[in-house]
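A.B. asks: Please see the structure below; I have some questions.
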Amino acid sequence: MGDVAFHQKKYDEALKAYKSSMSAQFLRQYGASVYYRLLRVHRARGETALVTRYESILRNQYPNSLETRLMLTGKETTQPPAAAAASPTRFAVQVAFTPRADFAQAAAARLKKKGYDAYVDTATIKGKAGYRVLVGRYQGREAADALAKKLALAEKTSGFVTTITAD
């Protein structure tokens, strides 16, 4: 609803709709998108202090996101936001697979402590049940590829991009 209000230049309604979606779980998965939309509304209203605030949040908390790249380049997405939201496919970087939950949780905790969005998911691979350690939740494969490269360099962790289902 916020996007519809934004395109109709009903900025107060757009802000209300965006801010109502800012639960902790929603921000964990879609924070970059929400902050980018807030940035666009404040930019349209000429509120430079708030624009600067949201630009800083995007740069610092979501440096590899599509939204941050859009903010930096000033280019809008070619797809309407509803089409992007409808896609159930998301991408993450898998850095480990183990049959032991405690190993997976410890690996995710180490990465979380370093500031990564790491989590554990159950999976069955080649008939074997186990736990995979995943990092990131991206709508586009490109951002996940960038994270995989970053993890390889910074953490000396070899991982690969995999698909995850949307929550």
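Any read-out appearing in this document is the output of simple, stated calculations on the displayed coordinates, not a laboratory observation. Just so it is clear, the structure is predicted and the values come from calculations on it, not from any experiment.
A.B. asks: Expected output is a single nm value to one decimal: the length gained when fully extending between residue 47 and residue 113, i.e. 0.36 nm times separation in residues minus the C-alpha distance. What is it?
C.D. replies: 20.3 nm
A.B. asks: For segment 1-62 and segment 108-167, what is the separation of their C-alpha centers, rounded to whole Å?
C.D. replies: If you average the Cα positions of each part, the centres end up 27 Å apart.
A.B. asks: Something else: Work out, step by step, the length gained on full extension between residue 155 and residue 13: first 0.36 nm times the residue separation, then minus their alpha carbon distance; give nm to one decimal.
C.D. replies: Value of the extension gain: 46.8 nm.
A.B. asks: For segment 12-19, take each phi angle, set θ = phi - 60°, evaluate the Karplus expression 6.51 cos²θ - 1.76 cosθ + 1.60, and give the result in whole Hz per residue in order, putting x for glycine and proline.
C.D. replies: With coefficients 6.51, -1.76 and 1.60, one gets 5, 5, 4, 4, 4, 5, 5, 5 Hz.
A.B. asks: Hey, what did segment 87-165 get for relative contact order, percent, Cα under 8 Å, at least 6 apart?
C.D. replies: The value is 43 percent.
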